[in-house]
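Report on one structure; see the data block that follows.
The values are calculated or read from the model by the stated rules, or taken from the named source; none is laboratory data. Bear in mind that the values here come from a model prediction, so they are computed numbers and not experimental data. Note: ideal-geometry Cβ built from the backbone for every residue, glycine included; neighbour counts use all protein chains shown.
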Amino acid sequence: MQHIFGIDINKINKDDLIYLLEYEVVEDKRLEYKGAFEPNNPEWKRKFLKVISSFANTSGGLLIYGISEEKGVPKKFEPLDIEDFDKTRIILQDIVRSRTEPIIPNLEVVTVDILDENNIVLIIKVLKSWNGPHRVKMNGKREFYIRIDGKSTEMDILELRNALTCQKHCLKKLQISNKIEFQIYYLTIHRSLSMKAQKQFCT
């Protein structure tokens with residue numbers, strides 16, 4: 001089985017999650033399990049943002065709520081009782097928007113039924129961000145996190161410096177790429193219009 005991060009999040013099903021448990025797929029740079037789901041708890045929010053921002057600052061990842069773990073190894077389902085998924089998704093997105101800077105974009109949230117539609121596992125997918133590094137702002141603090149193996153840890157000075165350097169380099173490459181794509185698009189349209197005008201003139 002490919003890394004679950006490589007599966008379309010909307011196609012992840014109960015069998016995929018059972019596979020994680022049966023084969024004890026451990027947490028890594030792009031995967032983390034959580035049992036408790038308490039979005040109104042300030043400490044829960046801090047840990048949630050820590051993982052989300054570390055994924056965005058590294059290689060992206062999946063945060064799975066509803067599976068307990070011990071030392072990074074998934075142990076069992078602990079299904080969540082969520083009555084209003086849309087409301088929950090908005091709450092999570094609002095937490096990220098209000099507590100990260102720059103704001104982490106493109107947060108995908110889905111659920112997978114385990115027992116029934118009210119006993120689910122909630123999966124959050126975070127893509128690697130090219131607009132980072134992102135920091136978490138809570139309790140008067142502003143902290144940057146990075147993903148190392150299966151842990152989200154605060155960046156040290158060297159890691160932060162490297163992240164800032166990488167951002168500038170990546171943005172420059174993106175700007176060059178966009179410029180080249182625009183030039184190709186412009187030449188294609190110009191050539192098409194020229195051929196069309198020539199055809200009309202000849203007829």
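Could you list all residues from the stretch 1-26 that are in contact (Cβ under 8 Å) with a residue 24 or more places away in the chain and more than 28 Å from Glu83 (Cα to Cα)? Passing the criteria: His3, Glu24, Val25, Val26. Here Ile82 qualifies as assigned by TED's automatic domain parsing to the domain that holds Asp149, among the β-branched types (Val, Ile, Thr) and more than 28 Å from Trp130 (Cβ to Cβ). The single condition among (1) of a type in the set (D, E, K, R); (2) at positive phi; (3) touching a Ser or Thr at 6+ places or on another chain (Cβ under 7 Å) that Lys71 does not satisfy is (3).
The sole residue among Asn57, Asn118 that is polar (S, T, N, Q), assigned by TED's automatic domain parsing to the domain that holds Asn13 and surrounded by fewer than 17 Cβ atoms within 10 Å (Cβ to Cβ) is Asn118. In the stretch 80-92, the residues that are surrounded by fewer than 17 Cβ atoms within 10 Å (Cβ to Cβ) form no Cβ pair under 6 Å with any partner that is of a type outside the set (D, E, K, R) and assigned to a helix (DSSP H, G or I), whether six or more places apart or across chains.
Taking the stretch 37-55 as the range and being touching a helix residue (DSSP H, G or I) at 6+ places or on another chain (Cβ under 7 Å), of a type outside the set (Asp, Glu) and part of a loop (DSSP other than H, G, I, E, B) as the test, only Pro39 passes. Glu24 passes every criterion in (1) outside any helix (DSSP H, G or I); (2) of a type outside the set (A, V, I, L, M, F, W, C); (3) under 25 Å from Met155 (Cα atoms) apart from (3). Does Glu27 count as touching a strand residue (DSSP E or B) at 6+ places or on another chain (Cβ under 8 Å) and more than 19 Å from Leu115 (Cα to Cα)? Against the criterion (touching a strand residue (DSSP E or B) at 6+ places or on another chain (Cβ under 8 Å) and more than 19 Å from Leu115 (Cα to Cα)), Glu27 qualifies.
Residue under question is Ser68, and the condition is that it be surrounded by 19 or more Cβ atoms within 10 Å (Cβ to Cβ) and hydroxyl-bearing (Ser, Thr, Tyr); does it hold? Walk me through how you get there before you give the answer.
Values: surrounded by 19 or more Cβ atoms within 10 Å (Cβ to Cβ): no; hydroxyl-bearing (Ser, Thr, Tyr): yes.
It is false that Ser68 is surrounded by 19 or more Cβ atoms within 10 Å (Cβ to Cβ) and hydroxyl-bearing (Ser, Thr, Tyr).
Within the stretch 135-170, being touching a Pro at 6+ places or on another chain (Cβ under 6 Å) and surrounded by 19 or more Cβ atoms within 10 Å (Cβ to Cβ) holds for one residue alone: Phe144. If the requirement is being surrounded by fewer than 18 Cβ atoms within 10 Å (Cβ to Cβ), closer than 12 Å to Ile123 by Cα and of a type outside the set (A, V, I, L, M), which of these qualifies: Asn41, Asn10? Criteria check complete, one pass: Asn10. Of the residues making up the stretch 56-85, those that are part of a helix (DSSP H, G or I) and under 18 Å from the mean Cα position of the chain (by Cα) number 2.
So, Ile114, is that one among the hydrophobic types (A, V, I, L, M, F, W, C) and within 12 Å of the chain's Cα centre (by Cα) or not?
On the way: among the hydrophobic types (A, V, I, L, M, F, W, C): yes; within 12 Å of the chain's Cα centre (by Cα): no.
No, not satisfied.
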